[in-house]
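The values are calculated or read from the model by the stated rules, or taken from the named source; none is laboratory data. On a predicted model such as this, the values are computed, not experimentally measured, just so you know. Heads up, the Cβs are rebuilt from the backbone with ideal geometry, glycines too, and the neighbour counts pull from every protein chain shown. Keep in mind that these areas ignore ligands, DNA and RNA; they rest on the heavy atoms of the full protein, side chains included. Shrake-Rupley method; radii C 1.70, N 1.55, O 1.52, S 1.80 Å.
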Amino acid sequence: MDKLNLDIRNLNTIGKKRASVLNKLGIFTLYDLISYFPRAYEDRRSFRDIADLAQDSMCCIRACVISVPQVTFIRRGMELLRFRVADDTGSLYITFFNQSYLKNSIKSGKTYCFYGKVSKNSSRLEMLNPQFEPDGKSNITGRILPIYRLTSGISQNQLINYIRQGLSELPLELTDPIPDSVRRSHNIPELRYSYENIHFPRDDLSLALSRRRFIFEEFFTLAAALRFFRVRSDETSEFLISSERLSEFIGVLPFPLTNAQLRSINEMTRDMSSGKPMNRLLQGDVGSGKTIVAAASAYLSFCSGYQSAFMAPTEILAQQHFQTLSNLLEPFGMHIALLTSSTHAKQKREIYSALLDGSCHLVVGTHAILSDIVRFRRLALVITDEQHRFGVQQRAALSQKGNRPHVLVMSATPIPRTLALMIYGDLDISILDELPPGRQKVDTFVVGENMRKRVQSFIRKLVGEGRQVYIVCPMVEENETLNLKAAETYASDLQKNTFPDLRIECIHGRLKSKQKDSIMEAFARGEIDILVSTTVIEVGLDVPNAALMIVENAERFGLSQLHQLRGRVGRGAHKSYCILFTKSGNATERLKVMTETNDGFKISEEDLKLRGPGDFFGHRQHGLPELKIADISCDIQSLYEAQNAANQLLDMDPFLLLPEHSSLHLHIDKLFKANSGSFN
Ligand code: ADP
Ligand code: MG
């Protein structure tokens, strides 16, 4: 392992200056160098007969130099090196521009292999600036050659040479993070073979095997790490679930539950009565009805004599949940409290004591719940909404207030299942993949500047009918100050020049959360006609009267983000619309997806395909190491296989103490060093 940590500056051919170029590619150590996998390959295996050459094709030929290379000067600063080569079938000219220094490396009468583009120049065949090497060397011809992602200051051939050198420096004994037993039972080739063949494959099969190996390795070590770092707990409060009381609850709801909601409630019921702590992610598109599912779980906790806590990321969301949950659960005799930073001191004290003596059954709130003062008598269920806003630590802090409580995490960001498996590898997932019946589709349009006037009269019409409008301004570069200005200037322009008679407010990230909440509340009460904002619009907020979402510079947003924004409208009985302004006015392929579907999962799959997992949340909030080769949007089979293998291994050796697992242990530590803390 040590040798792999060698700084590339200490490799012969690289040195300090070149090393700094390689650093730009993220290559610092020998390990980084050989793990810098090709982005594609070029098949240079077959040699062609000169007689068969077609114009404009790239190909390899093996030919003897039959004329002495000549340098001619065409005009100032332009010289040609030219000679003829032949094989058994014909001859052709080789021409180099401005590379007369090659003259000495080409010997007349010797055979070389050339790779280049064939062109026809006044009926003469010619190869321009080919790559070449002496026959028999087979470094750059007659084989499958890697193609790497480059940066300025380095060429394909240089990188190929560095990696060749890197491979030749590999120590004899390579420690493989994949234990032998796993390697054998999953048909995974050895490490050295895989390194050699992923860069310079002997044939198609060895390339396929090596790629498979590294994809498997990434998934396997990641899955093993997630399992390894997971809080280990086995005993918990066992819920005694009475199906009659559950049916009673479901029976009094104002509407029938969707099948997806029923299925999720069943999955939770099973978890919570298993005697092991539930650890479940409830994932559902905006409006899919997650709150009711959460309410059912809090109700079940209550029926078994336990308390629950429900944490939301903002005050106004907490309030909204408090309302909903009170309406649903108080009829069953549950006592519910709202605890946020703006709760009055006296009320706070009452809530603290009611939680401590157990008379309060459910507390809904913000981070305020995390305060040390808050103690529970029998906390057995912790629910967090909009999970991606909370750190893993905060989730853990809340859990520590109970005796290994059940955990339900709700997310409105429809993360594709594959990505969810990676991020929440240790969570079970319930998916609400079905919207309650009767929801209308939000009609979506992609438009350009030429539609500005029409959109403005549309706004006027809707507001005239009593509806409300959101306008979201783009992020301007990554500059907070500019952002703020963009939204504020936009809002005041709109007020002054376009809608002097309408009530317009502006909300942005610089406002204090109290100010934000009070604007949002005013909007929810219908006291604002048009709300101009940067992307801070509260996730999950329900303002059923809002019927139009306008997004400026929509091309700058990710699809999932647009989908989230669109989810702010169409929450009531009113026909709702989403208008996406773009510079070009043309729906790019990407934005077209928005007009074609309202299905958040489909949209996020598209987004993932287009942007890759690293970008998925805009920035990398999930704290996972970057995947070098595996692609979670297409290697799902491999992901499952690796995850099973990791689980089996850790069932047998949960602390990775066996000597044959020590290199996996080391590898995991190294992999997560940069993310330390995020998985405890
Ligand atoms: P989200 O998943 O976005 O949090 P909510 O729980 O806020 O969704 O539910 C959105 C709206 O749909 C709420 O007004 C809720 O009362 C309603 N709702 C939830 N489930 C159903 C259902 N099965 N049938 C009809 N309406 C439902
Ligand atoms: Mg919600």
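Expressed as an acute angle from 0 to 90° and rounded to the nearest 10, what is the orientation of the C-alpha long axis of helix 15-24 relative to the principal long axis of the chain?
Value to nearest ten degrees: 40.
Among 301-314, 205-218, how do they line up by average Cβ neighbours within 10 Å per residue, starting with the highest?
301-314, 205-218
For the chain, compute Rh as the Kirkwood radius over C-alpha pairs and then the Stokes-Einstein diffusion coefficient at 20 °C and 1.002 mPa s; write the answer in µm²/s, rounded to an integer.
Numbers: Rh = 29.7 Å.
Roughly 72 µm²/s, to the nearest whole number.
Counting C-alpha atoms alone, how compact is segment 46-142: give Rg to one decimal and Dmax as a whole number, in angstrom.
Cα radius of gyration and Dmax of segment 46-142 are 12.7, 39 Å respectively.
For segment 492-571, rounded, prolate or oblate, judged on the Cα gyration tensor with a ≥ b ≥ c (square roots of eigenvalues), a/c < 1.5 rounded, else prolate if a/b > b/c?
Values: a/c = 1.37, a/b = 1.19, b/c = 1.15.
It is rounded, given that a/c, with a ≥ b ≥ c, falls under 1.5.
Can you give the FRET efficiency to the nearest 0.05 for Glu660 and Asn5, using r as the Cβ-Cβ distance and R₀ = 25 Å?
0.70
Tell me, rounded to the nearest percent, the portion of alpha carbon pairs in segment 243-432 spaced more than 31 Å apart.
Considering segment 243-432, 10 percent of its Cα-Cα pairs are separated by more than 31 Å.
Summarise the long-distance tail of P(r) for segment 305-374 by giving the % of C-alpha pairs beyond 17 Å.
Considering segment 305-374, 35 percent of its Cα-Cα pairs are separated by more than 17 Å.
Mind checking the dipole of segment 46-142: about its Cα centre, +1 per Lys or Arg Cβ, -1 per Asp or Glu Cβ, Debye to the nearest 20? Present the calculation step by step, with values, prior to reporting the outcome.
Values: 13 positive and 9 negative charges, 84 e Å.
Taking the Cα centre of segment 46-142 as origin, the dipole is about 400 debye.
In nm, to one decimal, how far is the Ala86 label point from the Leu356 one, both placed 7 Å along Cα→Cβ?
10.3
With axes computed from alpha carbons, what is the tilt in degrees of helix 315-329 against the longest principal axis of the chain, rounded to the nearest 10 within 0 to 90?
Relative to the chain, helix 315-329 is tipped by roughly 60 degrees.
For segment 442-597, what number results from the quotient of the Cα radius of gyration and 2.2 N^0.38 Å? Provide the component values of the computation, followed by the final result.
Working: Rg = 14.4 Å, N = 156, 2.2 N^0.38 = 15.0 Å.
In units of the globular-protein estimate, segment 442-597 measures up at 0.96.
Please give the charge dipole size of the chain, origin at the Cα centre, charges +1 on K and R Cβ atoms and -1 on D and E Cβ atoms. Round to the nearest 20 debye. Write out the running numbers ahead of the final one.
Details: 83 positive and 76 negative charges, 405 e Å.
Roughly 1940 debye, rounded to the nearest 20.
Within segment 103-146, name every residue whose backbone N is under 13 Å away from a label modeled 7 Å from Cα of Ile66 along the Cβ vector.
109-110, 125
Set Lys and Arg Cβ to +1 and Asp and Glu Cβ to -1, take the dipole of segment 243-432 about its Cα centre, and tell me which of Ser430, Gln323, Ala345 lies farthest positive.
Looking along the dipole axis, the top candidate is Ala345.
Can you compute the FRET efficiency between Ser273 and His335 using 1/(1 + (r/R0)^6), with r the Cβ-Cβ distance and R0 = 22 Å? Round to the nearest 0.05.
Numbers: r = 24 Å, r/R0 = 1.07.
Efficiency at R0 = 22 Å is approximately 0.40.
Can you list the aspartates and glutamates whose alpha carbon is less than 16 Å from that of Lys401, not counting same-chain residues fewer than 8 positions off?
Straight-line reach from Lys401, under 16 Å: Glu235, Asp357, Asp372.
On each of the three principal axes of the Cα atoms of segment 132-269, give max minus min coordinate, whole Å, ordered largest first.
Result for segment 132-269: principal-axis Cα extents of 84, 34, 30 Å.
Given Lys290/Lys461; Lys461/Lys512; Lys3/Lys24; Lys137/Lys609, which pairs have Cα atoms separated by over 28 Å?
Cα-Cα > 28 Å for Lys290/Lys461; Lys461/Lys512; Lys137/Lys609; rest within.
Summarise the long-distance tail of P(r) for segment 10-66 by giving the % of C-alpha pairs beyond 12 Å.
76
Mean separation of Cα pairs under 8 Å and 6+ residues apart, divided by the residue count of segment 46-142: what relative contact order is that in percent? Could the numbers behind the result be given before it?
On the way: 228 pairs, mean separation 28.8, N = 97.
Reported as a whole number, the value is 30 percent.
For Asp669, what accessible surface area do you get with a 1.4 Å probe? Give it in Å², rounded to 10.
70
Relative to the longest principal axis of the C-alpha atoms of the chain, give the angle of the C-alpha long axis of helix 290-303, reported between 0 and 90° and rounded to the nearest 10°.
Between helix and principal axis, roughly 60 degrees.
Determine the gain in length on full extension of the stretch Arg377-Thr588; use 0.36 nm per residue of separation and subtract their C-alpha separation, reporting nm with one decimal.
So the chain would gain 70.4 nm between Arg377 and Thr588.
What is the percent carbon and sulfur in the accessible area of the chain, measuring with a 1.4 Å probe over the protein chains and ignoring ligands? Write down the numbers at each step before the final one.
Details: 15560 of 31520 Å².
The value for the chain is 49 percent carbon and sulfur by accessible area.
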